[in-house]
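Asker: Just dropping this structure here.
Please treat every number below as a calculation from the coordinates, not as lab data. Quantities reported herein were computed from a predicted structural model and do not represent experimental measurements. Please note: Cβ atoms are built from the backbone with ideal geometry, for glycine as well, and neighbour counts cover all protein chains shown.
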Amino acid sequence: MTDEELLAQFHTMWDGFPGMARLITKDHVILASNQQALDKGFAPGLRCATVGDPKTHRGCKLNAMFDMGTGQTDRIIPDRVRGWSPIAGRDDVCVHFAVLIPDE
């Protein structure tokens with residue numbers, strides 16, 4: 001899969017997601033973001049940990065996801081689930097998402 005195909009597939013799958021989604025390299029560089037992530041400052045080319053409050057990046061499981069090759073999730077913020085999902089056939093990028101947990 002070419003990088004252009006990867007970006008197109010990311011946007012097809014994640015642009016309608018009800019939370020933030022980013023395509024991120026092993027080096028924590030953002031390749032693509034859905035609109036919700038863009039609205040929070042997660043622009044392509046930035047290192048994800050440089051955006052927003054550094055505390056929100058504590059416990060990042062990106063490296064664990066790459067080391068184990070399996071998806072990871074956490075809930076260090078009470079009203080939000082974060083996840084890191086591998087992409088089949090790629091060992092250099094993953095999808096990182098966050099979604100708010102509704103009250104009802």
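Asker: Would you please list the contacts, defined by Cβ atoms under 7 Å and residues six or more apart or on different chains, that run from a residue in the stretch 21-37 that is within 21 Å of ALA64 (Cα to Cα) and touching a residue at least 40 places away in the same chain (Cβ under 8 Å) to a residue that is of a type in the set (Asp, Glu) and in a strand (DSSP E or B)?
Answerer: THR25/ASP92; LYS26/ASP92
Asker: Does GLY89 meet the test of being free of Cβ contacts under 8 Å to residues at least 24 places away in the same chain and of a type outside the set (D, E, K, R)? Outline the logic, then answer.
Answerer: Values: free of Cβ contacts under 8 Å to residues at least 24 places away in the same chain: no; of a type outside the set (D, E, K, R): yes.
Taking the combined requirement at face value, the residue does not satisfy it.
Asker: Looking only at the stretch 76-104, which residues are in a loop (DSSP other than H, G, I, E, B) and either out of contact with any strand residue (DSSP E or B) (no Cβ under 7 Å at 6 or more places or on another chain) or more than 18 Å from PHE17 (Cα to Cα) (or both)?
Answerer: Result: ILE76, ILE77, PRO78, ALA88, GLY89, PRO102, ASP103, GLU104.
Asker: Determine which single condition ASP27 fails, assuming it passes every other condition in (1) touching a Ser or Thr at 6+ places or on another chain (Cβ under 6 Å); (2) part of a loop (DSSP other than H, G, I, E, B).
Answerer: (1)
Asker: A further question follows. Considering every residue within the stretch 59-75, establish whether at least one is crowded, with 16+ Cβ neighbours inside 10 Å and assigned to a loop (DSSP other than H, G, I, E, B).
Answerer: Yes.
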